[in-house]
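**Student:** My structure is below; once you've seen it, I'll send some questions.
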Amino acid sequence: MKPAQVEIYKTDTEGRPLANSTLLLEWSEDGVIWEPVAYTDSQSVSKGTCRNTNLIDGTLTTDATGMLTFSGLHPLMYYRLTEVATADGYQLLADPVFEGKIPLDTLEISLRVINSPIFTLPNTGDNSLMLIPIGIPICALIGIGALLCLRKKSTV
């Protein structure tokens, strides 16, 4: 039996590669009960196994190119791919990236997954605004002083 593979290319919204995103690949015979794929160095295709040596508890992390590949997969199983961690400053995807069977005609799934940056409120404070609480009383004193001077001149 020929092995299947799932290839992921992670980018940000501007198309730049996104490193340090971790994805979990789970397998199932019925699409209901899911288990993480496990590493194997065997060349034969087995249920629930993957040949990527960097696999840890069913997860792989994207490198600087934003790529990762789950290889040596059993082609007749259901697979679910979920993002479990993402690069700092980016939103974690809420839904699975993929859920289903790998097509038997190609035995390969290639996905481009895009993460959006976390929305942060703009900085609304500025140190120059600290002058306003100081400037208001000074302006009020100058105004009162001007009124008193005008009042004295008009009474003379």
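**Student:** How much accessible surface area, in Å² rounded to 10, belongs to the heavy atoms of residue 49 with a 1.4 Å probe?
**Tutor:** Looks like 20 Å² after rounding.
**Student:** Using a 1.4 Å probe on the protein chains only, how many percent of the accessible area of segment 1-148 belongs to carbon and sulfur?
**Tutor:** 59 percent
**Student:** Ranked from highest to lowest mean number of other Cβ atoms within 10 Å per residue, what is the order of the peptides 20-28, 88-96?
**Tutor:** Output ranking for 20-28, 88-96: 20-28, 88-96.
**Student:** Further question on the same structure: Roughly how big is segment 9-156's charge dipole about its Cα centre, with Cβ charges of +1 (Lys, Arg) and -1 (Asp, Glu), in debye to the nearest 20? Present the calculation step by step, with values, prior to reporting the outcome.
**Tutor:** Numbers: 10 positive and 16 negative charges, 289 e Å.
Charge dipole of segment 9-156: 1380 debye, to the nearest 20.
**Student:** On to the next question. Heavy-atom accessible area of residue 153 with all protein chains present, probe 1.4 Å, nearest 10 Å²?
**Tutor:** 150 Å²
**Student:** Number of Lys-Lys pairs in the chain under 29 Å by Cα, sequence gap 8 or more or different chains?
**Tutor:** 6
**Student:** Under a 1.4 Å probe, what is the accessible area of segment 1-130 per residue, stated in Å²? Before the final figure, lay out each step's value.
**Tutor:** Values: 7560 Å² over 130 residues.
Solvent-accessible surface per residue comes out at 58 Å².
The values are calculated or read from the model by the stated rules, or taken from the named source; none is laboratory data. All values derive from a computational prediction rather than experimental measurement. Cβ atoms come from the backbone with ideal geometry, glycine included; neighbour counts cover every protein chain shown. In case anyone asks, the SASA skips ligands and DNA or RNA and just uses the protein heavy atoms, side chains included. Shrake-Rupley method; radii C 1.70, N 1.55, O 1.52, S 1.80 Å.
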